[in-house]
Amino acid sequence: MKKVCLLLLLVLFFTRLSFSQFTTQYVVSRDTTGVSPSKREIGSGTTVRFISWNISGGTFSACSVKAEQSANNLTFSDLGTGNTCTSNGVGPFVTGVVNFSRISFTLTVGSGTPVLIVNYVGYDSMASGLLNIQGTANQITSSGPGVAPILSLPSPVILPGAIQTPQYMDFDNIVTPSAPASGRARIFAQDAQGVTRMLMETSPGNVLSFFRDAVARGRNITGGTINKGAAVYINGSTGTVPTVAKARADVISTAGAIGLAISSIASPAFGTIQTQGQMSGINTSAYTEGDRLYLSAVTAGALTNVIPVAPNLIRQIGFVITSHAVNGVIFIDPDWGAPSGTLTSGSIPFAGTDGLLNQNNSSLFWVDATGVLKSTSYGTVANCADGTATPADCASAPDGHVIISAGATSVVVNTTRVTANSEIFIQEDSSLGALLGVTCNTTIVRLYTVTARTVGTFFTITTSAAPIIDPACLGYKIEN
């Protein structure tokens with residue numbers, strides 16, 4: 001037969017505190033059914049009391065604990081209700097005057113070497129807004145006479161799993177609790193890869209992390225429902241609250257998505273938009289974890305992992321953290337444009353306008369929305385100047401300046417920019433003497449023709465008449 005024993009190690013302390021509170025602590029372990037030594041409360045002035053309990057070192061498969069009272073220290077009856085104590089908890093407040101009290105408990109060890117610590121706490125009053133903190137593991141509620149918006153908490157404040165002073169509160173790491181009732185929020189602590197973070201769960205079951213997630217209120221007056229996870233933009237306001245609609249990246253007026261709807265928003269109704277941080281509970285099964293998500297230019301409110309192409313705009317929404325049909329997670333980080341270091345359609349804004357440059361993917365240049373290339377100036381990646389005799393060495397320059405020597409009728413220009421389809425333009429310019437280090441011929445009556453080319457090597461310029469005395473100064477431009 002399993003030995004049943006009661007281990008009452010000691011009453012750790014029993015003291016009268018300055019704010020008229022006493023705390024008695026009992027430590028119990030192993031399978032047992034029994035009671036603690038009785039406590040004399042005659043003359044203490046105690047009118048309010050409760051018990052709390054904490055388990056460490058293992059588990060109890062069965063555990064019940066309650067306070068009992070007696071007028072003569074001989075016959076005891078229940079003082080409040082019994083409590084199941086298989087996990088940390090706090091019992092209800094009990095009011096009234098008693099002469100003697102004790103703790104009764106029944107324990108059955110489940111695993112490990114568990115120790116049950118029972119705290120019996122008494123106060124002489126519930127006046128001055130004393131807060132009644134009660135609850136079960138993972139949640140607390142508050143009530144009490146005189147409770148007002150500003151409360152004077154007793155010290156220590158006893159929560160499931162800890163005894164703390166009113167300067168701070170300790171929260172044990174727990175799994176996500178069930179959603180609270182409508183109109184309430186539930187705050188708790190949770191471990192994430194070794195870092196404890198504070199979370200808030202709202203009545204629809206949405207969980208937000210403090211200092212990571214940001215939300216804003218918006219109103220839907222579009223006439224249709226905005227579903228959870230839909231990207232929205234601001235299209236107006238109602239009082240001090242913006243109105244929102246489903247965003248789409250086909251035009252600038254609807255492409256400025258601010259975030260995703262955290263839950264479905266009927267019309268006309270107010271809702272919450274998550275503008276930054278991690279959103280969970282959405283379908284991301286179409287994507288791979290790590291995918292960059294953009295606002296769709298096809299379906300209003302939708303996301304895509306394909307960068308929109310011109311003339312659509314690029315509005316980055318965030319990144320896929322978890323790919324799942326139901327429990328998908330997106331890290332929301334709205335931004336304009338494509339990833340840093342790349343140039344794609346719509347990623348270069350015109351200075352001082354709302355237009356965007358678009359990439360011509362076949363010819364690899366940038367045009368405005370009407371297909372016209374516009375600029376106040378143009379330049380090339382290289383420009384050569386060679387005032388020596390033929391051949392002129394212009395390396396890979398698509399533009400340059402060369403000469404045809406006096407008495408000569410041609411010049412060979414070495415440049416790798418020459419292709420079979422190159423258009424080569426020649427112009428005589430007698431103002432280039434300083435650049436070329438020569439005195440340019442000023443008799444400009446000659447015609448110039450490209451008479452030969454070798455792809456990737458050179459082209460030849462031939463004149464209709466040889467310059468006399470001074471060389472002819474020429475400029476060339478190659479367009480491919």
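Filtering V445, V438 for residues that are touching a Gly at 6+ places or on another chain (Cβ under 6 Å), β-branched (V, I, T) and not in a strand (DSSP E or B) leaves a single hit, V438. Does D393 fit the bill of being over 18 Å from I468 (Cα atoms), surrounded by fewer than 18 Cβ atoms within 10 Å (Cβ to Cβ) and among the charged types (D, E, K, R)? In short, yes.
Sort out which residues of segment 432-451 are touching a residue at least 24 places away in the same chain (Cβ under 8 Å), more than 13 Å from A472 (Cβ to Cβ) and surrounded by fewer than 17 Cβ atoms within 10 Å (Cβ to Cβ), and write them in order of number.
Within segment 432-451, L435, G437, T451 qualify.
Considering segment 221-257, and only residues there that are in contact (Cβ under 8 Å) with a residue 40 or more places away in the chain, surrounded by fewer than 20 Cβ atoms within 10 Å (Cβ to Cβ) and not polar (S, T, N, Q), the residue that is nearest to Q316 (Cα to Cα) turns out to be G256. Restricting attention to segment 268-284, the residues being exposed (fewer than 14 other Cβ atoms within 10 Å of the Cβ) and part of a loop (DSSP other than H, G, I, E, B) number 1.
Restrict the check to segment 300-312 and report whether at least one residue is within 15 Å of the chain's Cα centre (by Cα) and under 20 Å from Y233 (Cβ atoms).
No, because not a single residue in segment 300-312 is within 15 Å of the chain's Cα centre (by Cα) and under 20 Å from Y233 (Cβ atoms).
Put simply, of D170, D191 the only residue that is assigned to a strand (DSSP E or B), surrounded by fewer than 16 Cβ atoms within 10 Å (Cβ to Cβ) and modelled with pLDDT under 85 is D191.
Matching residues to (1) in a strand (DSSP E or B); (2) under 17 Å from E41 (Cα atoms); (3) modelled with pLDDT of 85 or more:
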{"residue": "V97", "(1), (2), (3)": "no, yes, yes"}
{"residue": "I103", "(1), (2), (3)": "yes, yes, yes"}
{"residue": "T108", "(1), (2), (3)": "yes, no, yes"}
{"residue": "T113", "(1), (2), (3)": "yes, no, yes"}
{"residue": "I117", "(1), (2), (3)": "yes, no, yes"}
{"residue": "V121", "(1), (2), (3)": "yes, yes, no"}
{"residue": "A127", "(1), (2), (3)": "no, no, no"}
{"residue": "L130", "(1), (2), (3)": "no, no, no"}
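When we screen N88, N83, N99 for residues that are over 26 Å from F171 (Cα atoms) and either in contact (Cβ under 8 Å) with a residue 12 or more places away in the chain or of a type outside the set (F, W, Y) (or both), the only hit is N99. Scan segment 60-95 for residues that are farther than 16 Å from T33 by Cα and modelled with pLDDT under 90 and the total you get is 12.
The values are calculated or read from the model by the stated rules, or taken from the named source; none is laboratory data. Keep in mind that this is a model prediction, so the values were computed, not measured. Here the Cβ is made from the backbone with ideal geometry for all residues, glycine too, and neighbour counts use every protein chain on show.
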